[in-house]
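Heads up: the structure comes next, in structure tokens.
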Amino acid sequence: MTQDQLFLLKQDFMAGTRGPCYCPACATLEGLLAFYPQLREVLDIHYVDFPRPRAAVIAVVGEQNQGLPLLVVAPDPEAELAIAGLDVREWQGRRFLRSPGDIGRYLARRHGIGEPH
């Protein structure tokens, strides 16, 4: 893995009998991608279906970490500085962020975009 991986839920999913639905936290990050389209060039973005199990997510961070959004941090010395002080989780040596706020702060530090206020 050479790029950070961002996992988001696809829009207009069905949640049982409810829907179509969207994930507010994922929509926040979609807004960030709209504000800073250059992020699409430096992130490996995956859009995932709502129903579990979410095989693409499980393959990277395990079955217990299927909640989205999720950003998997690529092993890189610059990433070390960018994740300092954030709520970093780990699974089998892979580090990841779950909250939109921490993901936004990480992306600001790592890629020089505006930071959340």
List Glu90, Glu30 from most exposed to least, where exposure is judged by having the fewest other Cβ atoms within 10 Å.
Glu90, Glu30
I need the calculated FRET efficiency for the pair Arg89 and Ile58, taking r as the beta carbon distance and R₀ as 22 Å, to the nearest 0.05.
0.90
On C-alpha positions alone, give me the angle between the axis of helix 100-111 and the longest principal axis of the chain, in degrees, nearest 10.
40 degrees
The alpha-carbon center of the range 93-114 and that of the range 15-55 are separated, in whole Å, by 15 Å
Antiparallel bridges, percent of DSSP beta bridges restricted to the chain (to nearest 5)
65 percent
Choose one of Pro69, Ile103, Gly93: the residue whose Cα lies farthest towards the positive end of the charge dipole of the chain (beta-carbon charges +1 Lys, Arg; -1 Asp, Glu; about the Cα centre).
Pro69
Return the single residue from Ala55, Ala27, Ala15 with maximal mean-square fluctuation; model: Gaussian network over the chain, springs between Cα atoms under 10 Å.
Ala15
Set the Förster radius R0 to 22 Å, insert the Cβ-Cβ distance between Ile113 and Tyr22 as r into 1/(1 + (r/R0)^6), and round the FRET efficiency to 0.05.
0.45
Note, ³J(HN,Hα) from phi for the range 26-32, Karplus 6.51, -1.76, 1.60, rounded to Hz, x at Gly and Pro:
5, 5, 4, 6, 4, x, 4
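Values in this text are rule-based calculations from the coordinates and carry no lab data. Keep in mind it's a predicted model, so treat the numbers as computed, not measured. Cβ atoms come from the backbone with ideal geometry, glycine included; neighbour counts cover every protein chain shown.
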